[in-house]
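Q: Take a look at the following structure, please.
The values are calculated or read from the model by the stated rules, or taken from the named source; none is laboratory data. Source: prediction; values computed, not measured. Here the Cβ positions follow ideal geometry from the backbone for every residue, glycine too, while neighbour counts run over all protein chains shown. Each accessible area value is taken on the protein alone, full model and side chains, heavy atoms only, with ligands, DNA and RNA left out. Shrake-Rupley method; radii C 1.70, N 1.55, O 1.52, S 1.80 Å.
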Amino acid sequence: MRYVLIAVGVLAALILAIVLVGMVLPTKHRAGREATYNRPAAEVFRVINTPADFPNWRTGVNKIDVLPAKDGKPTYREFGKDGTILFEVEQITPDSTLVTRIADKSLPFGGAWTYTLTPKADSTTLRIVEDGEVYNPVFRFVSRFVIGHTSTIDRFMRDLGKRLGQQEVVITDA
């Protein structure tokens, strides 16, 4: 019985430590990554700006519902391993810039991704900057120390490389 109480006490202390560290971490964070693809900017932009095709190439995305525009902004709902997330497109500059934002305020996280495409001869460098917000302190701890702020960006960039026929993608900090 004594060992059970010790185990429960240790577990409670661990949970308390995670919550306290999460509370100290800032709600907002910025993370950026970039990769170069052997394709012209127009092709890369078309792929990243066609949400209806995401289930065909993005790991963990099962379905996309393209919704009517909200206040003139394209909107879509993504279903996948990260749950159901409503997105709106805040800015589109063809072949150059795309900004998407999580539009569902009920989630424990939010924020925007800014995609910037830079053509270089026959290739394109894609930079993704996440201006994220994690509201729940436990999720903040997990996002920062367990999952990492760039894990979703990295997965997106690797999946994009495969979609573009480029099996190896070198991802660097942006």
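Q: Of the residues that sit in the range 1-50 and are among the polar types (S, T, N, Q) and open to solvent by less than 90 Å² (accessible area, probe 1.4 Å), which one is nearest to ASP154 (Cα to Cα)?
A: THR36
Q: With VAL129, VAL138, VAL142 as the choices, which residue is surrounded by 17 or more Cβ atoms within 10 Å (Cβ to Cβ) and among the β-branched types (Val, Ile, Thr)?
A: From the options VAL129, VAL138, VAL142, the qualifying one is VAL129.
Q: Give GLY83, GLY72, GLY60 a once-over and let me know the one that is touching a strand residue (DSSP E or B) at 6+ places or on another chain (Cβ under 8 Å) and at positive phi.
A: GLY60
Q: Can you name every residue in the range 64-111 that is open to solvent by 20 Å² or more (accessible area, probe 1.4 Å), farther than 22 Å from VAL44 by Cβ and part of a strand (DSSP E or B)?
A: Across the range 64-111, the qualifying residues are ASP65, LEU67, PRO68, ALA69, LYS70, ARG77, PHE79, GLY83, THR84, LEU86, ILE102, PHE109.
Q: Taking the range 112-146 as the region of interest, how many residues are outside any helix (DSSP H, G or I) and touching a strand residue (DSSP E or B) at 6+ places or on another chain (Cβ under 6 Å)?
A: 19
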